Amino acid sequence: MWIDSLQQLSASLDDAGIGLLELRGPGVLLRLGRDAADVAAVGEQGVATPAPLPRTSPGLTVNAPSAGVFLHAHPMQSTPLAAVGTQVQVGATIGLLQIGVLLLPVTAPRAAVVAGLHVAHGTLVGYGTPLVDLDAN
């Protein structure tokens, strides 16, 4: 039954145009890709936990709420949604996650100043990847 679920999930990813899906849990990493070489289930020893980045001031790091391609600007615009140094309000869109044709807004959880960006525009990210640093104003 587990293989049937994986085949169904793989077909759904292909239909949505998603080339890679990575799921992480405690001690487990599952990576599904269009190329059979990208499919892997790794046990606890193979899972690398990224080290937290050092903070120079009190603040908050906004992480990816889903896997996708992180965009600093809307595909139809050249202006970043929230450049470093920009004051943002609660709920302001600070980036977008592109998942196939869907654009999922990444929002500020509190009023703050954008202090730093962890990933470049157009970077493929996984769930929980650090995206934007916010510092209290």
Tell me, 117, 104 in order of fewest to most beta-carbon neighbours within 10 Å? 104, 117
Can you pull the one-decimal nm distance between simple spin-label points at residue 76 and residue 127, each 7 Å off the Cα toward Cβ? 3.1 nm
Fewest Cβ neighbours within 10 Å first, please rank 129, 86 accordingly. 86, 129
Contour minus Cα-Cα distance for residue 136 and residue 84 (0.36 nm per residue): 17.4 nm
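Read-outs throughout are calculated quantities, based only on the coordinates presented, and are distinct from any laboratory measurement. Everything numeric here is computed off the predicted structure, so don't read it as measured data. Note that we place each Cβ from the backbone using ideal geometry, even for glycine, and neighbour counts take in every protein chain shown.
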